[in-house]
Amino acid sequence: MFFTKKNPLKWRDIISINDLSKDDIIYLLQQAAKLERYNPRIITDKVIASLFFEPSTRTRLSFDAAVKRLGGQVIGFDNIETTSLKKGESFKDTIKMIEQYADVIVIRHPKEGSAQLAADISHIPVINAGDGSNQHPTQTLVDLYTIKKEKGKLEGLTVGFLGDLKFGRTVHSLANALGLFGVNIVFIAPKGLEMPTEYLKELNEKNVNYSQTSDLLSVAQSLDVLYVTRIQEERFKNRKDYKRVAGSYTINKDLLANFRQDVLVMHPLPRLEEINQDVDDTQNQGYFKQAGNAVAVRKAILATVLGRV
Ligand code: CP
């Protein structure tokens with residue numbers, strides 16, 4: 001299905017999934033498939049700056065693992081308390097220093113637009129590892145890779161997004177990308193956590209086929225993939241609003257009896273109570289596979305941006 005062409009992303013920033021064409025995405029997924037079981041030492045002369053202004057387990061560690069598997073070096077921080085930002089140094093000055101120490105910047109920040117700001121300041125490529133509730137494009141590539149690998153295709157599938165569609169940046173990025181591949185989307189959210197209108201507008205402009213409901217069971221039989229998200233407590237302005245929706249949905253083994261036998265249950269993780277641990281040992285579990293695929297996909301992103309594939 002996929003074809004090889006010249007690297008279209010050498011020295012480019014990856015800030016939003018919308019910056020990537022369908023061909024760019026196909027190129028990256030193709031490189032990830034090549035690199036999944038293969039660790040060529042192709043970035044031994046490269047240093048990657050890993051700047052995490054917000055907590056992370058998977059994104060930070062899978063980027064670290066990807067760099068090391070390809071023979072590169074990582075510098076950076078995962079706690080701004082240990083940096084001169086605590087002394088009042090500006091974001092701009094921080095990026096101006098780091099661009100002189102590294103070849104690529106990987107950045108996660110709680111504020112929307114921070115990755116784009118870093119890219120505007122920096123002369124080296126910037127990869128967005130999640131900016132507030134805005135975008136998480138490398139997670140989207142991991143998700144696309146996982147769906148393609150598990151289902152054998154993207155075109156024609158029906159993907160349901162369940163949960164916090166308002167603040168869930170992985171949903172915002174992935175919905176747009178799935179639209180490029182002719183996927184049908186069903187948004188399933190409790191009241192108050194629906195997909196924001198600005199993202200629906202983008203889908204309308206691209207003629208993406210989607211529907212919305214708050215009734216999961218009414219659409220269960222139509223889904224090839226159920227993409228579950230955590231309610232993003234840290235993004236609520238007040239705790240009362242969070243408490244109103246917390247725990248409003250849980251996928252467990254009994255509930256899965258209502259779905260197609262081969263439904264793929266995905267989650268970007270971390271999960272709280274939205275997927276019960278009794279799903280972990282079922283054939284439907286896809287979330288740990290996603291976390292594992294992250295290394296191959298991030299190897300592909302780094303090798304591509306650095307022009308080594
Ligand atoms: N999926 C994801 O972004 O996980 P982390 O927050 O642990 O990086």
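The values are calculated or read from the model by the stated rules, or taken from the named source; none is laboratory data. These numbers come from a predicted model, not from an experiment. Here Cβ is always computed from backbone atoms with ideal geometry, including for glycine, and neighbour counts include all displayed protein chains. For the accessible areas, the whole protein counts, side chains as well, though only heavy atoms, and no ligand, DNA or RNA atoms are used. Shrake-Rupley method; radii C 1.70, N 1.55, O 1.52, S 1.80 Å.
Regarding residue 228, is this residue open to solvent by less than 10 Å² (accessible area, probe 1.4 Å), assigned by TED's automatic domain parsing to the domain that holds residue 213, modelled with pLDDT of 95 or more and within 16 Å of the ligand (Cβ to nearest atom)? In short, yes.
Is it true that residue 143 is charged (D, E, K, R), open to solvent by 10 Å² or more (accessible area, probe 1.4 Å), within 15 Å of the ligand (Cβ to nearest atom) and assigned to a helix (DSSP H, G or I)? It would help to see each step written out before you state the result.
Working: charged (D, E, K, R): yes; open to solvent by 10 Å² or more (accessible area, probe 1.4 Å): no; within 15 Å of the ligand (Cβ to nearest atom): yes; assigned to a helix (DSSP H, G or I): yes.
Judged against the criteria, residue 143 is not a match.
One residue stands out in the range 101-140 among those that are in a helix (DSSP H, G or I) and out of contact with any strand residue (DSSP E or B) (no Cβ under 8 Å at 6 or more places or on another chain): the one that is surrounded by the most Cβ atoms within 10 Å (Cβ to Cβ), namely 140. Residues in the range 56-78 that are within 16 Å of the ligand (Cβ to nearest atom) and more than 22 Å from residue 296 (Cβ to Cβ): 2 in all. Among the residues of the range 57-74, the one identified as open to solvent by 40 Å² or more (accessible area, probe 1.4 Å) and over 22 Å from the mean Cα position of the chain (by Cα) is 73. Identification of strands (runs of 3 or more DSSP E) wholly contained in the range 168-250 with 1 or more residues that are over 23 Å from residue 109 (Cβ atoms) and among the hydroxyl-bearing types (Ser, Thr, Tyr) yields 210-213, 225-228.
Yes or no, residue by residue, for (1) in contact with a Phe, Trp or Tyr (Cβ under 6 Å, 6 or more places away or on another chain); (2) within 12 Å of the ligand (Cβ to nearest atom):
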| residue | (1), (2) |
| --- | --- |
| 54 | no, yes |
| 80 | yes, no |
| 93 | no, no |
| 109 | yes, no |
| 119 | no, no |
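Look at the range 36-47: where a residue is of a type in the set (D, E, K, R) and a partner is in a loop (DSSP other than H, G, I, E, B), sitting 6+ places away or on another chain with Cβ atoms under 6 Å, you get 41/71; 46/72; 46/103; 46/306. Residues in the range 27-53 that are among the aliphatic types (A, V, I, L, M) and open to solvent by 20 Å² or more (accessible area, probe 1.4 Å) were compared, and the one that is farthest from residue 92 (Cα to Cα) is 33.
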